[in-house]
Each structure stands twice: as C-alpha cells, then as structure tokens.
Amino acid sequence: MNISTRHRARDRASDMEPGSQPVTLFDHPEFRDHEQVVFGHDAGSGLRTIIAIHDTRLGPAAGGCRMWSYASDAAALTDALRLSRGMTYKNALAGLDLGGGKAVIIADANRDKTPELLEAFGTQVERLAGRYRTAEDVGISSQDMEIVARRTSHALGTKQTGLGDPSPYTALGVFEGIRAAVRHRFETDDLGGLTVSVQGLGNVGFGVARMLHAAGAKLIVSDINATAVSRAVEAFGANATEPDGAHAVKADIFCPCALGAGLNKTTIPQLRAQIVAGAANNQLATDTDGEALRRAGILYAPDYAINAGGIISIALAGPEDGDALVREKTIAIGDTLTRIFQRAEEEGRPTQVIADRLAEERLSAAG
Ligand code: NAD
C-alpha cells in the first residue's frame, strides 16, 4: 500500500502499477488533525489493520474495532479517520475523560476471522502502550474482544474490565434518545401507536426494536441478513421491508442501526419520517446533510450523542461495579438530546452543529 502525502506520491508515481491511485494521509479530507495513525500488518495471521488516534486531550483514545471487507485500503482509511474523530466528539459530549480513536481490520468477519488474527490485533494495540483502548464494533463481538485481550491489557468491554457486551447499553441510550425526540417533536411520552422503521437488526438494532415493541410502537424492520429479519418479524410482529428502502417507508421515526452515511442528498428527500434517531455511526454523508434535514423539518438526533451508551458502559464500569451508574448515565443521553434539540431550535441551526459545539466547548476547556 502507498501511504504518503501528495508530494511523495507524485515523486514515487513511477513505482506504482499503471492506473493505481496513491492513498493520501496528511492531506486526506478526513485527516483533520489526527495525532497518530498506525498501519499494522501481521503476515502469519493475515492481519491488516489501521488504528487512528484523533485526540487525547481529555484522556487516552477509546473507540471500537470494526472488521469489514472494505472495497479498498483507501475506503478503510477513510472509515478509520471518520470514526476516530467521531469518538473524540462522542466521548467529550458524553462527559467521559477519554479521547477519540478507532481501529479497522480489513477482513471479512464471516470468512477471515481467526483467533490468530484477533491476537495479532491485540499485539498491535498493546504496542501503543495505552494511548488507544479498543472495544467491539461491527464485525467484532464481545467474545472476540476476550481473544484480543489475551495480547493486550487495553481491551475494554471484556469480562475483566467491565460489564461485557456494550450493545445493550447502546440500545438503551438509543431508546431513550427516541423518547426524547418524540417528546420534543410530538409532545408526548407515549410511543404507543407510533411507527418506527429499524434498519439493521444486529446487536444494537435488535435490542432497540425489542424496547420499542415493549413500549407499544409498531415496527418495520430490515436487514441484509434474512435470518435477522425473520427473528424480528416473529418476535415483535413487525413488518419487513427491503434494507435499501427502509428510510423511505411511511413511518414516524427512522432508526438507522446498520452502517454510516445513510443520510445523503438522495435519501433525505425520500424520508417520510419526522424523526431520524438511530445507533449507526456517521449517519450524515456530508456536513451539509444536517442542514438539509433541518430544512426538511426532520428532527435528527446526532449519531454520536444518541449512541454513546456503549462507550459509557465501557468507560465507567469497573469489575466491582454494578450497572446502576452506567444505566443512569446512559438514560441521561435523553436529557443531553433535549438540550441539543432546544438549542438547535432557538438558534435555527442543525442539531449536529449544536452537538459539535457542546463537545468542542469541553475540549477547548481541557486543551
Ligand atoms: P452488528 O454488526 O451487530 O449489526 C449490524 C447489522 O446491520 C447486521 O445485522 C447487518 O447484517 C446489518 N446491515 C449491514 N448492512 C446493512 C444494510 N445496508 N442494510 C440493512 N442492514 C444492514 O452491529 P451493531 O453493534 O448492532 O452496530 C450497529 C451500528 O451501531 C453500527 O453503525 C455501529 O458502529 C453503531 N454502534 C454500535 C455500538 C455498539 O455498542 N455495538 C455503539 C455505538 C455505535
């Protein structure tokens, strides 16, 4: 892989295969002042990983590890940089003394995941000596984290370090965020009779669907995994729809719980819901999409504010702690969102701009 600035890439252009494009780093549009980016490789296990550390002003960088079969190394780098910066803001807004970082492993979780590969990733994390603390994310389960933890003491969310799987807390925070959005938009605490389109029925999405169902909401569910859809249809009496059209169905709330960048110039005009509130990271494809949602009169719960329950559970739980403090802080995500919604309305600005501002105020105070 060629990792270089444009200058070096140009100098070395003759080394490249005809037609190949250099992968830039320091002038990458998502670089945005990252403190450190590590490219890790292990020949024996086939590990290829990128660990991005964005900001450590509030404390060691913390953020999950995603395993995904990226179309290219460039796509993996873009994802790592975007997610890492997102963690800086998420940890700051959640009031945690942690910086922002993220890891991606370039591999197919169904085909390539082996104990050797996970251990090799643990070795890469250990080499950073605590500057980055890892945890699970898409493609990586809490059981996988136990294997990573054989090689590093900086794996979070394991049985040794906390409450285990963070997904139930993420789901709780998303549920509380949906309730706050419903209160703000529809002036009611009652979810009964409201329809929610849940896109992605993995660790988090399925948990959110379960709580929404218990609260009386009607569900429309979608996933690229047909088994997950059948489970939700059976468990919650949900209606199924195609994943690609989940944002466009007739519903009060769209709850994206799959992958990022789902809100863009194509999908936003197709939205029929009045609220977008879900777990997926980096939901807005570009910064202007938040303004497009505001102009369309759609209340958007900023992704990193609403999905902070998992990192709260990881950061605050000690082996001897129960989950009461974590639950309390996670439920408070609803209050944070209410503040964001109110200030956004008062100032006539997109909600994610207000969330960023609250996070930046805390970072500046620390810096
Ligand atoms: P997961 O891997 O358990 O579930 C993701 C689900 O989305 C899978 O069932 C997958 O089949 C489905 N999916 C993938 N592409 C899809 C598509 N195009 N359309 C519909 N479904 C699709 O992941 P998760 O832990 O549930 O996380 C879901 C999202 O929430 C991710 O964006 C993740 O980064 C974010 N998130 C998770 C946590 C956590 O605690 N797990 C915390 C914060 C944010």
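The values are calculated or read from the model by the stated rules, or taken from the named source; none is laboratory data. These figures come from a predicted structure and were not determined experimentally. Glycine gets a Cβ as well: all are built from the backbone with ideal geometry, and neighbour counts include every protein chain shown. For the accessible areas, the whole protein counts, side chains as well, though only heavy atoms, and no ligand, DNA or RNA atoms are used. Shrake-Rupley method; radii C 1.70, N 1.55, O 1.52, S 1.80 Å.
Listing for the model above:
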read-out	value
Cut-off 9 Å between beta-carbons: net charge of the residues surrounding G122, Lys and Arg +1, Asp and Glu -1	0
All Cα pairs of the range 167-366, percent lying beyond 32 Å	11 percent
Within the chain, helix-based [θ] at 222 nm, where runs of 4 or more DSSP H residues each add -39,500 (n - 2.57), nearest 500	-12500 deg cm²/dmol
GNM flexibility winner over the chain from M67, M145, M211 (Cα, springs under 10 Å)	M211
Cα centre as origin, Lys/Arg/Asp/Glu Cβ charges: the chain dipole, Debye	320 debye
Solvent-accessible area, 1.4 Å probe, carbon plus sulfur percent, for the range 167-366	48 percent
Whole-number accessible area per residue in Å² for the range 21-89, which is evaluated in the context of all protein chains at 1.4 Å	39 Å²
Residue among S222, S153, S72 with the largest mean-square fluctuation in a Gaussian network model of the chain, springs linking Cα atoms under 10 Å	S72
Cα-derived Rg to Rh of the chain, Kirkwood definition	0.96
Charge tally in the Cβ shell below 11 Å around Q274, where Lys, Arg are +1 and Asp, Glu are -1, Q274 excluded	+1
Gaussian network model of the chain, Cα within-10 Å springs - most flexible of G40, G278, G99	G40
Dipole in debye (nearest 20) - the range 94-237, about Cα centre, beta carbon charges: Lys, Arg +1; Asp, Glu -1	140 debye
The range 53-136 - percent of accessible surface contributed by carbon and sulfur, probe 1.4 Å	44 percent
Whole-number accessible area per residue in Å² for the range 167-366, which is evaluated in the context of all protein chains at 1.4 Å	43 Å²
4 °C / 1.567 mPa s Stokes-Einstein diffusion coefficient of the range 70-226, Kirkwood radius on C-alpha pairs, µm²/s	74 µm²/s
Options G334, P29, G101, ranked by Cα towards positive dipole end of the chain, top entry (Cβ charges)	P29
Charge-dipole axis of the range 250-340 as Lys and Arg at +1 and Asp and Glu at -1 on Cβ define it, positive-most pick from A258, G290, Y304	G290
Environment charge of K159, counting only residues whose C-beta is closer than 12 Å and scoring Lys/Arg +1, Asp/Glu -1	-2
